[in-house]
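Engineer: This is the structure I want to talk about, given as structure tokens.
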Amino acid sequence: MQKRILIATLIGVMAMISLVFSLVGSLVYSSIPSILALKSTLFLYYLPAIYGSLVVSIVAILLAMPLATGVAIFISEYLPRKIRSIFISINDLMASFPTIIYGYWGLYELGPFLNSTLFKALNTYLGFIPLFSTQPSTGSYLLASIVLSIMISPFASSLIREVYSKIPYIVDESVYALGLGRWEVIRIKLLYSRRAILGGMTLAFGRGLGETVAVDLTVGGAFSISSSLLSPGITIPALIANQFGSAFTQLEISSLFALALLLFIIGVSFTLIAKLLILRGER
Amino acid sequence: MKSKVIFVLTLACLLFLFFPFSWILFDLIVKGLPVILSSGINFFTGIPPIPGDGIGGIGTVIEGSLFIVSIATLISIPISLLTSIYIVMNEGKKLSRISRFLVETVLEFPTIIVGISVFMIFAVGLGLGLNGLTGAIALGIIMIPYSTVQTVENLRQAKEQYLEVGYSLGLTDSRVVRLLISEGREGVTTGILIGLAKIFGETAPLLFTTVTSFNIYLRSINSPVSGIPVLIFNYAFSPYDNWHDVAWGASLVLALIVLLLFILTRVTTRRR
Amino acid sequence: MRKMKAISNWLIAIIVIIFLVAGIVLYFYVKNGFQGNTTTSGSQSNTSSSNSIDVTKVSASLILGGSTFINPQMQAWIQTFSSKYPNIQVTYQSVGSGAGVNNFIKGTYDVGATDVPMPSQLWRNATNARGSVITIPDIVGGVAVIYNLPGFDSTKYGNLNLTADILSGIYLGKIQYWDDPSIKAVNPNYNFPHQRIVPVHRSDGSGTTFVFTLWLYQSSQQWKSSGVGYGYTINWPVDSMGALAGEGNDGVTAYVKQTPYSIGYVEIQYSIANNLSPAAIKNPSGNFILPTPSSVSIALSSLNISLFPKPTQDWSNLTPLLLNSESPNAYPIVTFSYLVIQENYSDLNKAIALYVFLNYIFTQGQSQGNVINGYLPLPDNVRQFVLNEIKLITYNGQQVYKMINQT
């Protein structure tokens, strides 16, 4: 009996391992022709997409981290037990909500609203800063970043909350015993959780890099580099989604795969870093 | 006082995060519900309208989504389940740790890349073509790590509770595994449900593995059917107002499906 | 647990070997390519070679895809066709001419739709991959220039007049504001605001782009000497200046509708369906012409059908066929849209279904009621030419149209 179970589970594991290796393997295999042929000019050519991916994800993280941390703190500190689980559920629902809906809403609801209010204000009053030097556009780096941060914050928030809420109450007690208030308690707990916060940030960054549809709908599709966050741009997944259909030559197809490989490597690196951070934190 | 400030700040964060979501829900209902109601039952059975005129229905893509997701589940459950059991039962062993690591790597694999890889290998390479089956393969691949990670977590908890008890009672390995699975049923189910919720809403992998048109009903295993998110994606990019309306209606349907799956997940996770 | 350990080593070895073998087999299969196409389904019709096959009993799936230019018309055709022949499932992907041709070559589409005949290299690839391919013109359309100029009303101020040089300047980034002197020169009645023009182009591989940029190349010295050229995709100089890229004709229309002071190029039908007034373009005779059914059909009248190559040959020389017609009232940016199909099939149901569908398009499909607003039916001589083209569809060498019982 135990042999059979073992065999069965091993088959499953082998299938899974070969799946992973086939995926990564085919990715590398398909990328090689263009990497060999073009070497660094390949990535220079696609610089707008690489730039766009980094900008959108970084800005998204900058927006998401304070938000996610704040939410995690509030849920853990201030909400009574019963209400807490409701908000945690809402948080998790948000995290697994279909990304296409975020994108669609972002393009037709949030976009026009922000363009006529916040973005317009940023351009009018702060337009001398290169970051806001162009007029609001239907799609832009900033819009995509905001939508992306809304999407990854719940995920990051639950990661932080996991660690933050498990800090034993004795820490709270000690701080109160010293005559200090809530603010100091939170500060200390944040200090304890900083590994988790960093780890959550990195994991969320990796996730944000790979997001396709929501960003494709809101980033504007312009194959260019711009220092202004309000101008349209492109990211790697959006570029692949746009161009893969008509990529004719082996070189074109291979280039897109090479780009995808780059994305994958960046994502995996960040995930690994995040894991190391969180692991060390737990000890 | 500083404590008051931090209270207000974090409360603001909460509102800031949840407000957009409530806005989305509001829009879904306000923009999606009238569309569904205006078409009635036909929204769930009919074919999408031509550009510019009418509402029609999204019956073809609802059927398509259900088909694609169920085939994907068929593909992914065996692998996911078996892998999870192995990982949990052989914790500490090298293979178990490697598997764990690989699963988590694939978890972060951008879904668009899974889509184009499956396109090259299956649709073109093996000649399967663009249809529900190829789409299901792509979604199945994506579902595996999600279900596995979730199931591993849940089985671990069950294991802690039952493994010691089982061995101390002198049960054989197979009995213990059986006990684990029967008690960890909920964990397994939760894992599957989480995977389902994830792939129901996935668009990118379907873009290149199945068709981006929505007038075909399922007739055979490789009928060119598509999924709800693909419809929303296509109609979102279009300039036609009636297609935008259909997209809102479809978004509401999709949101309700995901919500339902999510509630089921909560219900099957008794222990928290 | 110890027993598990001993067995597990052997098992792991065996299972790994099995997966390696499977992997190698898969690799060779993929490397040698696929054997042609896509979906078939359901019941076989009676295939006795002496009898006529009842077309209504034939069951097949046809996947067509490509040009977004022709999408609205294609959807209309499919809808009426499906009600007559419910057993033949036809579906059309509006993904852009580039992707259409690409997927046809790869075998994932049965029919590729493109707004320009395939460039030579692609035609060679297609012929290598799928055997003889037939290029078929299926409808007549034109490229309209749409714009979003708040405050401009064409009923009050007349049409927005534009020339190839102005458009070339806009898309090269040399003309950046609406009140540019060159625009004011041809539109003296309107006081243009000092606003930046937002150019919109295609993000995907597009036949519409091909036609538009080819027309710019042929009509504007500035574009010709800029080195930007023409094609399904090009490097747009304006990308670094805030241009937007929309997916499909739909995407461009959506962006222009939503973005004040923008300008874009789309198939005429898209401007009509979205109530966007198109610009009047200067033609070789010096007149500013709006894209209307009559201005488009006047351009058609200059067509010389003897220029058509044989069906299975390379059609790429025909691309500029209907551009810049010499007639005084002709619209300058007119084009056929084309379908590309494989000539010989090994799947009888598919061959029959394809023939029946194409036959429908070129008979009832071209009649007044079935051609939607914004397109023009093929001229009769072209239509006859095409009907003969599709008779070339063969199953194992036999012409399919002879095998069926036509209703």
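The values are calculated or read from the model by the stated rules, or taken from the named source; none is laboratory data. Predicted model only: the values in this text are computed from it and were never measured. Here the Cβ positions follow ideal geometry from the backbone for every residue, glycine too, while neighbour counts run over all protein chains shown.
Engineer: Looking at (1) touching a Lys or Arg at 6+ places or on another chain (Cβ under 9 Å); (2) at pLDDT 85 or above; (3) of a type in the set (S, T, N, Q), which is the only condition B:Thr268 fails?
Structural biologist: With (1) touching a Lys or Arg at 6+ places or on another chain (Cβ under 9 Å); (2) at pLDDT 85 or above; (3) of a type in the set (S, T, N, Q) applied to B:Thr268, the lone miss is (2).
Engineer: Just the residues that are within 20 Å of B:Tyr146 (Cα to Cα) and more than 9 Å from chain B (Cβ to nearest Cβ), please, taken from segment A:75-121.
Structural biologist: Just the residues of segment A:75-121 that are within 20 Å of B:Tyr146 (Cα to Cα), to begin with: A:88-100.
Answer for segment A:75-121, where residues must be within 20 Å of B:Tyr146 (Cα to Cα) and more than 9 Å from chain B (Cβ to nearest Cβ): A:Ile88, A:Ala95.
Each row is one residue, and each column tells you yes or no for (1) in contact with a Lys or Arg (Cβ under 9 Å, 6 or more places away or on another chain); (2) buried (at least 24 other Cβ atoms within 10 Å of the Cβ); (3) touching a residue at least 40 places away in the same chain (Cβ under 8 Å).
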{"site": "C:Val200", "(1), (2), (3)": "no, yes, yes"}
{"site": "C:Asp204", "(1), (2), (3)": "no, yes, yes"}
{"site": "C:Ser220", "(1), (2), (3)": "no, no, yes"}
{"site": "C:Ile234", "(1), (2), (3)": "no, no, no"}
{"site": "C:Leu244", "(1), (2), (3)": "no, yes, yes"}
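Engineer: If you check B:Ile75, B:Ile71, B:Ile112, which single one turns out to be within 26 Å of B:Thr203 (Cα to Cα), at pLDDT 90 or above and among the aliphatic types (A, V, I, L, M)?
Structural biologist: Details: B:Ile75 fails: at pLDDT 90 or above; B:Ile71 fails: at pLDDT 90 or above.
Only one candidate passes the filter, namely B:Ile112.
Engineer: Tell me the residue from B:Asn215, B:Asn234, B:Asn242 that is more than 9 Å from every other protein chain (Cβ to nearest Cβ) and either closer than 19 Å to C:Met74 by Cβ or outside any loop (DSSP other than H, G, I, E, B) (or both), please. Spell out how you get there, then give the answer.
Structural biologist: On the way: B:Asn215 fails: more than 9 Å from every other protein chain (Cβ to nearest Cβ); B:Asn234 fails: more than 9 Å from every other protein chain (Cβ to nearest Cβ).
When all the criteria are applied, what remains is B:Asn242.
Engineer: Select, from C:Val228, C:Val252, C:Val211, the only residue that is part of a helix (DSSP H, G or I) and closer than 23 Å to A:Ile234 by Cβ. Steps first, answer last, please.
Structural biologist: Numbers: C:Val228 fails: part of a helix (DSSP H, G or I); C:Val211 fails: closer than 23 Å to A:Ile234 by Cβ.
The conditions single out C:Val252.
Engineer: Another question about this same structure. Please verify whether segment A:60-73 includes one or more residues that are away from chain B (no Cβ under 14 Å), in contact with a Ser or Thr (Cβ under 9 Å, 6 or more places away or on another chain) and crowded, with 20+ Cβ neighbours inside 10 Å.
Structural biologist: Yes, there is a match, as at least one residue in segment A:60-73 is away from chain B (no Cβ under 14 Å), in contact with a Ser or Thr (Cβ under 9 Å, 6 or more places away or on another chain) and crowded, with 20+ Cβ neighbours inside 10 Å.
Engineer: Looking only at helices (runs of 4 or more DSSP H) that lie completely in segment C:71-164, which have at least 3 residues being under 22 Å from C:Tyr270 (Cβ atoms) and among the polar types (S, T, N, Q)? Break it down stepwise before answering.
Structural biologist: Working: elements: C:71-84, C:97-106, C:120-130, C:154-157.
Because the criterion is at least 3 residues that are under 22 Å from C:Tyr270 (Cβ atoms) and among the polar types (S, T, N, Q), the helices (runs of 4 or more DSSP H) in segment C:71-164 that meet it are C:71-84.
Engineer: Taking segment C:52-70 only, how many residues are part of a loop (DSSP other than H, G, I, E, B) and within 11 Å of another protein chain (Cβ to nearest Cβ)? Reasoning before the result, please.
Structural biologist: Step one: list which residues in segment C:52-70 are part of a loop (DSSP other than H, G, I, E, B), which gives C:52, C:58-59, C:67-70.
Now restrict to residues that are within 11 Å of another protein chain (Cβ to nearest Cβ): C:59, C:68.
Summing the residues that are part of a loop (DSSP other than H, G, I, E, B) and within 11 Å of another protein chain (Cβ to nearest Cβ) in segment C:52-70 gives 2.
Engineer: Among the residues of segment C:305-315, are any within 24 Å of C:Val371 (Cα to Cα), modelled with pLDDT under 90 and either among the β-branched types (Val, Ile, Thr) or surrounded by fewer than 16 Cβ atoms within 10 Å (Cβ to Cβ) (or both)?
Structural biologist: Yes: one or more hits.
Engineer: Condition check: free of Cβ contacts under 8 Å to residues at least 24 places away in the same chain and not hydrophobic (A, V, I, L, M, F, W, C). Does C:Asn304 satisfy that? Steps first, please.
Structural biologist: On the way: free of Cβ contacts under 8 Å to residues at least 24 places away in the same chain: yes; not hydrophobic (A, V, I, L, M, F, W, C): yes.
So C:Asn304 fits the description; yes.
Engineer: Next question. With the requirement that a residue be facing chain A (nearest Cβ under 8 Å) and either at pLDDT 90 or above or outside any loop (DSSP other than H, G, I, E, B) (or both), what does segment B:91-109 give you? Full working, then the answer.
Structural biologist: The initial filter retains those residues of segment B:91-109 that are facing chain A (nearest Cβ under 8 Å), namely B:95, B:98-99, B:102-106, B:108-109.
Hits for segment B:91-109 are B:Leu95, B:Ile98, B:Ser99, B:Leu102, B:Val103, B:Glu104, B:Thr105, B:Val106.
Engineer: While we're looking at this one, here's another question. Condition test on B:Ser251, is it at pLDDT below 90 and polar (S, T, N, Q)? Explain how you work it out, then say what you get.
Structural biologist: Numbers: at pLDDT below 90: no; polar (S, T, N, Q): yes.
When the stated conditions are applied, B:Ser251 does not pass them.
Engineer: Next question, about the same structure. Can you name every residue in segment B:71-90 that is free of Cβ contacts under 8 Å to residues at least 60 places away in the same chain and either assigned to a helix (DSSP H, G or I) or of a type in the set (D, E, K, R) (or both)?
Structural biologist: Our first condition is that a residue be free of Cβ contacts under 8 Å to residues at least 60 places away in the same chain; within segment B:71-90, this holds for B:78, B:82, B:86, B:90.
Correct list: B:Pro78, B:Leu82, B:Tyr86.
Engineer: Give segment A:67-90 a look and list any residue that's in contact with a helix residue (DSSP H, G or I) (Cβ under 7 Å, 6 or more places away or on another chain) and more than 15 Å from A:Ser165 (Cα to Cα), or say none.
Structural biologist: Filtering segment A:67-90 down to residues in contact with a helix residue (DSSP H, G or I) (Cβ under 7 Å, 6 or more places away or on another chain) leaves A:67-79, A:84, A:87-90.
Hits for segment A:67-90 are A:Leu67, A:Ser89, A:Ile90.
Engineer: Only one of these conditions is not met by A:Leu44: (1) facing chain B (nearest Cβ under 7 Å); (2) under 30 Å from A:Leu262 (Cβ atoms). Which number is it?
Structural biologist: (1)
Engineer: Tally up the residues in segment C:367-379 that are free of Cβ contacts under 8 Å to residues at least 60 places away in the same chain and either in a helix (DSSP H, G or I) or farther than 22 Å from C:Ile70 by Cβ (or both), please.
Structural biologist: First, the residues of segment C:367-379 that are free of Cβ contacts under 8 Å to residues at least 60 places away in the same chain: C:367-369.
Subsequent filtering for residues that are either in a helix (DSSP H, G or I) or farther than 22 Å from C:Ile70 by Cβ (or both) retains C:368-369.
The number of residues fulfilling the criteria is 2.
Engineer: I would also like to ask the following. Sort out which residues of segment C:325-353 are polar (S, T, N, Q), assigned to a loop (DSSP other than H, G, I, E, B) and touching a strand residue (DSSP E or B) at 6+ places or on another chain (Cβ under 8 Å), and write them in order of number. Lay out the reasoning, then the answer.
Structural biologist: Keep residues of segment C:325-353 that are polar (S, T, N, Q), which gives C:325, C:327, C:329, C:335, C:337, C:342, C:344, C:346, C:349.
With assigned to a loop (DSSP other than H, G, I, E, B) added as a condition, the list becomes C:325, C:327, C:329, C:346.
Within segment C:325-353, C:Ser325, C:Asn329, C:Ser346 meet the criteria.
Engineer: Residue check, C:Ile372 against (1) touching a strand residue (DSSP E or B) at 6+ places or on another chain (Cβ under 8 Å); (2) more than 17 Å from C:Leu62 (Cβ to Cβ); (3) surrounded by 13 or more Cβ atoms within 10 Å (Cβ to Cβ), all met but one. Which one?
Structural biologist: That leaves (1) as the condition not met.
Engineer: Counting only residues that are at pLDDT 90 or above, small (Gly, Ala, Ser) and over 19 Å from the mean Cα position of the chain (by Cα), which one in segment C:328-366 is nearest to C:Ala129 (Cα to Cα)?
Structural biologist: Going through the qualifying residues, I end up with C:Ala351.
Engineer: While we're here: Say we look at segment C:380-407 and pick out the residues that are touching a helix residue (DSSP H, G or I) at 6+ places or on another chain (Cβ under 6 Å) and part of a loop (DSSP other than H, G, I, E, B); which of these is surrounded by the fewest Cβ atoms within 10 Å (Cβ to Cβ)?
Structural biologist: Among those that are touching a helix residue (DSSP H, G or I) at 6+ places or on another chain (Cβ under 6 Å) and part of a loop (DSSP other than H, G, I, E, B), it is C:Lys391.
Engineer: Taking the stated definitions as given, is A:Ile225 more than 14 Å from chain C (Cβ to nearest Cβ) and surrounded by fewer than 24 Cβ atoms within 10 Å (Cβ to Cβ)? Spell out how you get there, then give the answer.
Structural biologist: Values: more than 14 Å from chain C (Cβ to nearest Cβ): no; surrounded by fewer than 24 Cβ atoms within 10 Å (Cβ to Cβ): yes.
Judged against the criteria, A:Ile225 is not a match.
Engineer: Quick check: anything in segment C:232-240 touching a Gly at 6+ places or on another chain (Cβ under 7 Å) and not in a loop (DSSP other than H, G, I, E, B)? Give the derivation first.
Structural biologist: Pass one, segment C:232-240, residues touching a Gly at 6+ places or on another chain (Cβ under 7 Å): C:232-233, C:237-238.
From what is left, the residues that are not in a loop (DSSP other than H, G, I, E, B) are C:237-238.
Checked segment C:232-240: at least one residue is touching a Gly at 6+ places or on another chain (Cβ under 7 Å) and not in a loop (DSSP other than H, G, I, E, B).
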